[in-house]
1. Looking for something in a helix (DSSP H, G or I), over 24 Å from residue 249 (Cα atoms) and not assigned by the TED database to the domain that holds residue 244 - is there at least one such residue anywhere in segment 397-404?
2. Checking the condition closer than 17 Å to residue 232 by Cα, open to solvent by 10 Å² or more (accessible area, probe 1.4 Å) and in contact (Cβ under 8 Å) with a residue 40 or more places away in the chain, which residue from 346, 341 passes?
3. How many residues, within segment 221-230, are assigned to a helix (DSSP H, G or I) and of a type outside the set (D, E, K, R)?
4. When both residues are 6+ apart or on different chains and their Cβ atoms are under 7 Å apart, which pairs have a first residue that lies in segment 326-337 and is over 21 Å from residue 395 (Cβ atoms), and a second that is at pLDDT 95 or above and of a type in the set (A, V, I, L, M)?
5. Residue check, residue 13 against (1) closer than 19 Å to residue 75 by Cβ; (2) aliphatic (A, V, I, L, M); (3) more than 44 Å from the chain's Cα centre (by Cα), all met but one. Which one?
6. Is it the case that some residue within segment 360-383 is under 20 Å from residue 256 (Cβ atoms), of a type in the set (Phe, Trp, Tyr), in a loop (DSSP other than H, G, I, E, B) and touching a residue at least 24 places away in the same chain (Cβ under 8 Å)?
7. Pairs under 6 Å by beta carbon, first residue outside the structural domain of residue 59 (by the TED database) in segment 71-87, partner among the acidic types (Asp, Glu) and part of a helix (DSSP H, G or I), six or more apart or different chains?
Amino acid sequence: FHGIISREQADEILAGVEGAYILRESQRQPGCYTLALRFGNQTLNYRLFYDGKHFVGEKRFESIHDLVTDGLITLYIETKASEYISKMTTNPIYEHIGYATLLREKVSRRLSRTKNESRKASVTSEENTPVEKITSLVRRAALTQNDNHFNYEKAHNFKVHTFRGPHWCEYCANFMWGLIAQGVRCSDCGLNVHKQCSKYVPNDCQPDLKRIKRVYCCDLTTLVKAHNTQRPMVVDSCIREIEARGLKSEGLYRVSGFTEHIEDVKMAFDRDGDKADISASIYPDINIIAGALKLYFRDLPIPVITYDTYSKFIEAAKISNPDERLEAIHEVLMLLPAAHYETLRYLMIHLKKVTLHEKDNFMNAENLGIVFGPTLMRPPEDSTLATLNDMRYQKLIVQILIENEDVLF
């Protein structure tokens with residue numbers, strides 16, 4: 001550290017010594033610090049920051065020396081191989097070898113084990129509504145027309161990663177340089193790529209169950225792809241149990257079960273997945289199972305009715321003409337991700353069954369709308385005022401979905 005000195009003085013100190021660096025305090029802005037680094041026969045000056053770690057860009061370092069080391073590596077690569085780097089993503093190996101091949105092998109192995117189940121569980125409703133009726137481009141792209149109807153599209157969940165030892169990008173097959181944070185890794189499937197290559201990787205993430213630590217609070221599409229199911233197993237298991245022994249239960253979904261027992265069910269699913277035992281012998285009160293299902297929806301990081309479509313649903317609910325409103329809701333439904341659409345469809349079929357037993361359970365579509373509105377949809381911004389203003393529309397949306405599930409889905 002050389003105190004308050006000018007750029008010219010720093011240049012004199014570093015002259016002729018490639019890779020040398022000093023720290024100085026700015027003359028123009030006292031209290032601000034600059035890293036002066038000699039590279040390529042010139043002195044480069046970088047504004048230096050500290051928040052517990054040192055940084056001049058995105059990467060943070062424990063020491064200035066590590067920061068400079070990483071910087072010199074990056075400067076050298078970018079100077080000597082800039083033309084090569086600019087062409088790295090133009091002829092990727094991704095579709096030919098590496099991750100894509102492993103993905104195809106993994107999927108084909110899984111399909112060979114579950115082929116019979118897959119044929120039985122194509123994306124159809126209990127009334128055998130064919131998947132061909134879903135006409136949107138989003139749906140056609142997401143639901144592949146093969147034995148595995150629920151091979152939904154999913155984007156990779158890339159996060160900056162520091163690799164120990166040499167690593168190569170699984171998209172372009174080139175070396176990932178740098179001392180730390182050399183690239184990004186998908187936390188759901190483990191794909192390793194350059195940050196710049198991550199922009200070109202297709203939305204074909206196939207989550208690895210070893211990386212999915214829990215069932216609740218896990219992204220819906222991530223969970224169903226990891227387990228190779230149409231819908232989250234929580235939804236299937238809970239609805240199956242409720243329809244077997246709870247459709248006539250008074251106040252179903254409105255009456256709360258004991259919170260500690262609902263937490264037990266949550267822990268059972270997180271621990272055992274689809275092997276979780278939620279039978280009457282363990283949980284005789286059906287309200288516990290209903291509560292666990294509602295908790296699953298509330299805990300989703302992205303609601304079943306996604307943040308992206310929330311405002312469109314609210315606007316559709318405000319349309320006064322019933323036919324136009326129904327058409328608008330149908331159009332927005334087509335924008336939902338495939339796994340979200342399928343989960344919502346299945347839930348609405350179930351809730352329609354609940355309303356058929358209204359004489360016993362006293363739960364009509366409006367009552368269920370009050371319960372499930374805030375559970376299935378939340379405003380993107382965490383605003384209490386927005387939530388309060390939208391509650392009647394949230395209720396109305398779910399009510400309409402239940403009453404018209406045979407038309408809308």
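The values are calculated or read from the model by the stated rules, or taken from the named source; none is laboratory data. From a predicted model like this one, the values you see are computed outputs, not experimental measurements. Don't worry about glycine lacking a Cβ; one is built from the backbone with ideal geometry, like all the others, and counts go over all protein chains shown. For accessibility, only protein heavy atoms count, side chains too; no ligands or nucleic acids. Shrake-Rupley method; radii C 1.70, N 1.55, O 1.52, S 1.80 Å.
1. The first filter runs over segment 397-404 and keeps only residues in a helix (DSSP H, G or I), leaving 397-403.
Restricting the remaining residues to those that are over 24 Å from residue 249 (Cα atoms) gives 397.
Subset that is not assigned by the TED database to the domain that holds residue 244: 397.
Yes; the residues of segment 397-404 include at least one that is in a helix (DSSP H, G or I), over 24 Å from residue 249 (Cα atoms) and not assigned by the TED database to the domain that holds residue 244.
2. Numbers: 341 fails: open to solvent by 10 Å² or more (accessible area, probe 1.4 Å).
Checking each option against the conditions leaves just 346.
3. The first filter runs over segment 221-230 and keeps only residues assigned to a helix (DSSP H, G or I), leaving 221-227.
With the extra rule that they be of a type outside the set (D, E, K, R), the set shrinks to 221-224, 226-227.
Residues that pass the stated criteria total 6.
4. Filtered contacts from segment 326-337: no entries.
5. The number of the failed condition is (1).
6. Checking segment 360-383: at least one residue is under 20 Å from residue 256 (Cβ atoms), of a type in the set (Phe, Trp, Tyr), in a loop (DSSP other than H, G, I, E, B) and touching a residue at least 24 places away in the same chain (Cβ under 8 Å).
7. Taking only residues 6 or more apart or on different chains, not a single pair turns up.
Here is a yes/no grid of residues against (1) open to solvent by 20 Å² or more (accessible area, probe 1.4 Å); (2) modelled with pLDDT under 85:
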| residue | (1), (2) |
| --- | --- |
| 127 | yes, yes |
| 133 | yes, yes |
| 143 | no, yes |
| 155 | yes, no |
| 162 | yes, no |
| 167 | yes, no |
| 186 | no, no |
| 197 | no, no |
